[in-house]
1. Which of the numbered conditions does Gly124 fail, given that it passes all the others? Conditions: (1) at pLDDT 90 or above; (2) in contact with an Asp or Glu (Cβ under 7 Å, 6 or more places away or on another chain).
2. Read through the list (1) open to solvent by less than 60 Å² (accessible area, probe 1.4 Å); (2) polar (S, T, N, Q); (3) at pLDDT 95 or above, then give the number of the only condition that Ser211 fails.
3. Output the number of the condition that Ala117 fails; it satisfies all remaining conditions of (1) surrounded by fewer than 21 Cβ atoms within 10 Å (Cβ to Cβ); (2) touching a helix residue (DSSP H, G or I) at 6+ places or on another chain (Cβ under 9 Å); (3) on the phi < 0 side of the Ramachandran plot.
4. Take Leu228 and decide whether it is assigned to a strand (DSSP E or B), free of Cβ contacts under 8 Å to residues at least 60 places away in the same chain and not small (Gly, Ala, Ser).
5. Are there any pairs, at least 6 apart or on different chains, whose C-beta atoms fall under 6 Å, with the first in the range 129-143 and at positive phi and the second crowded, with 16+ Cβ neighbours inside 10 Å and not aliphatic (A, V, I, L, M), and if so, which?
6. If I filter the range 244-267 for residues that are free of Cβ contacts under 8 Å to residues at least 24 places away in the same chain, over 27 Å from Leu209 (Cβ atoms) and not in a helix (DSSP H, G or I), do I get at least one hit?
7. Within 19 Å of Ile185 (Cα to Cα), hydrophobic (A, V, I, L, M, F, W, C) and in contact with a Cys (Cβ under 9 Å, 6 or more places away or on another chain), is that true of Val304?
8. Looking only at the range 99-114, count how many residues are over 23 Å from Arg181 (Cα atoms) and open to solvent by 30 Å² or more (accessible area, probe 1.4 Å).
Amino acid sequence: RHSQAQLARRLPLSPRSVSMATLLLLSTAYSLHPLSHRAPRARCCRADTLCSSAASLPPPLRDADAFARGVLDCDATAWWRQDSQRLQILVPLADGVSFKRDVSVDVSRRRLTLRVADSDVAVGELWHEVNVDASDWYVDDAPDFGDARFLVVELQKRESFVDWAAPLKPAGGGSGEEGRRSLIIGGKGEAQKQATAVQLASYQLLQKLPSAVRGDVYAREAAGSETLYFLGKVIAEATDAALALTAQEVLVKEHARLYLPSVFRTLPDEEMELWLAPGNSELRVAQNEIPLHRWRRVDGAEGVPAAGACGFEPETGPREGCGVPQDMQGKPFAVRRDGAGRPLAAPFEAKLMAPDEVPGAYEAWLRSQSLHV
């Protein structure tokens with residue numbers, strides 16, 4: 001609960017500083033359901049029906065285009081939007097409406113009561129739980145859309161990276177979506193950078209657990225390509241790699257576009273195939289000993305891990321010099337497989353050599369050292 005002095009003070013919109021450990025602990029409190037790439041229609045908070053009008057949506061928060069947003073009522077007199085950490089409700093305030101006198105906000109972990117000038121704006125059970133102490137509300141005289149004063153109610157998500165279908169559950173239920181959690185880890189720009197750092201930290205923590213399960217991830221164009229490129233490794237605690245990939249699909253596909261832009265930059269999600277191999281099996285895959293298995297997202301799958309219970313270690317490409325064969329300099333690790341993931345050539349045994357035994361390795365090392373002199 002906020003004091004009157006706190007309510008009267010406008011607070012900045014800068015992201016709240018949360019330690020990595022706190023983020024991971026909060027993330028592991030829930031299991032998630034797979035991402036739906038189709039944003040739900042805007043839900044009215046004053047009725048039990050879905051808005052069918054094509055009301056204008058608020059602009060997304062920075063780098064949060066993939067998250068759902070919409071109107072709070074079918075007359076489009078209030079809006080909501082979100083990113084990976086917070087959900088905002090924006091209500092235009094008419095002239096003469098006093099923040100201290102006419103605005104009433106009460107937030108609990110599972111419920112919101114928002115009234116303006118004795119009218120209910122949003123009253124009911126929240127779609128997901130929030131962190132009450134980290135939530136706030138204030139008046140913004142210079143919003144990023146419109147020309148009105150806005151009351152901004154900013155709810156801090158208790159579970160990061162969850163895409164809320166709406167701020168409130170419908171009165172009486174019956175939507176069929178209450179038990180679902182859609183997860184969006186990653187995205188464009190800064191959202192991808194931050195999510196990559198978080199999930200890499202999770203990977204490094206989880207790999208120390210004996211119950212952790214790994215999987216190697218490969219990708220190819222869906223249009224009949226025989227070449228699959230290694231993208232990195234997923235990991236999860238006490239579940240299989242397919243579910244770990246389900247939770248991090250957005251992150252992995254965007255990494256493919258950034259890592260190999262010449263192959264995947266313009267490829268839409270539905271045309272990018274992801275394949276899995278057992279964890280740390282790159283050598284066996286390269287020697288054509290084992291097949292790859294096509295990964296498919298299953299909507300409604302149970303057991304999908306929360307953000308802190310899975311991780312992703314992205315592939316960043318081979319290092320130059322230092323014993324890397326000349327024909328492999330700067331090239332990504334890739335293999336050839338048929339439509340079922342089977343090798344297109346017979347298995348062979350690779351000759352493993354120590355770094356100083358690779359032809360030209362010593363000379364390459366000397367050249368690399370001379371660059372730093």
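The values are calculated or read from the model by the stated rules, or taken from the named source; none is laboratory data. Note that the structure is predicted; figures quoted are calculated from it, not measured. All Cβ positions, even for glycine, are placed from backbone atoms using ideal geometry, and neighbour counts span all protein chains on display. Ligands, DNA and RNA are excluded from the accessible area calculation, which covers all protein heavy atoms including side chains. Shrake-Rupley method; radii C 1.70, N 1.55, O 1.52, S 1.80 Å.
1. Exception for Gly124: condition (2).
2. It is condition (3) that Ser211 fails.
3. In the conditions (1) surrounded by fewer than 21 Cβ atoms within 10 Å (Cβ to Cβ); (2) touching a helix residue (DSSP H, G or I) at 6+ places or on another chain (Cβ under 9 Å); (3) on the phi < 0 side of the Ramachandran plot, Ala117 misses (3) alone.
4. No; evaluated as a whole, the condition is false for this residue.
5. Note: no pairs meet the criteria.
6. There is at least one residue in the range 244-267 that is free of Cβ contacts under 8 Å to residues at least 24 places away in the same chain, over 27 Å from Leu209 (Cβ atoms) and not in a helix (DSSP H, G or I).
7. yes
8. Result for the range 99-114: 6.
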